[in-house]
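What follows is one structure encoded as structure tokens, with my remarks underneath.
The values are calculated or read from the model by the stated rules, or taken from the named source; none is laboratory data. This structure is a prediction, so every number in the text was calculated from the model and none was measured. Here the Cβ is made from the backbone with ideal geometry for all residues, glycine too, and neighbour counts use every protein chain on show. The area values use the complete protein model at the heavy-atom level, side chains included, leaving out ligands, DNA and RNA. Shrake-Rupley method; radii C 1.70, N 1.55, O 1.52, S 1.80 Å.
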Amino acid sequence: MSKPKSEPGENPSPRRDRRSERQPGDDRRGAIAGLIIAIVILGVGWWLARDLTAASKMQDCLMSGRSNCNVIEPAR
């Protein structure tokens with residue numbers, strides 16, 4: 001059994017046709033999704049670092065024996 005031979009004007013691989021039909025923005029979707037994921041991870045990391053720093057300062061204050069460790073913000 002032999003494969004049917006393609007004619008001179010035919011493209012033997014249908015996959016190559018799909019690549020030429022892609023839109024220009026399709027290649028950027030993955031990069032944009034990766035960028036959004038990276039920004040979300042950085043935001044969560046920044047928030048977590050600030051929260052853990054505040055908790056660490058509170059624990060240091062309490063461990064030093066003080067009872068008034070709440071942050072007092074000045075009136076504006």
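Specify which of the listed residues (ALA49, ALA38, ALA31) is at pLDDT below 95 and of a type in the set (A, V, I, L, M). Full working, then the answer.
Values: ALA49 fails: at pLDDT below 95; ALA38 fails: at pLDDT below 95.
Residue meeting the stated conditions: ALA31.
Cβ-Cβ contacts under 6 Å between residues 6 or more apart (or on different chains), taken from a first residue in the stretch 47-76 that is assigned to a loop (DSSP other than H, G, I, E, B) to a second residue that is open to solvent by 80 Å² or more (accessible area, probe 1.4 Å), are listed as CYS69/LEU62.
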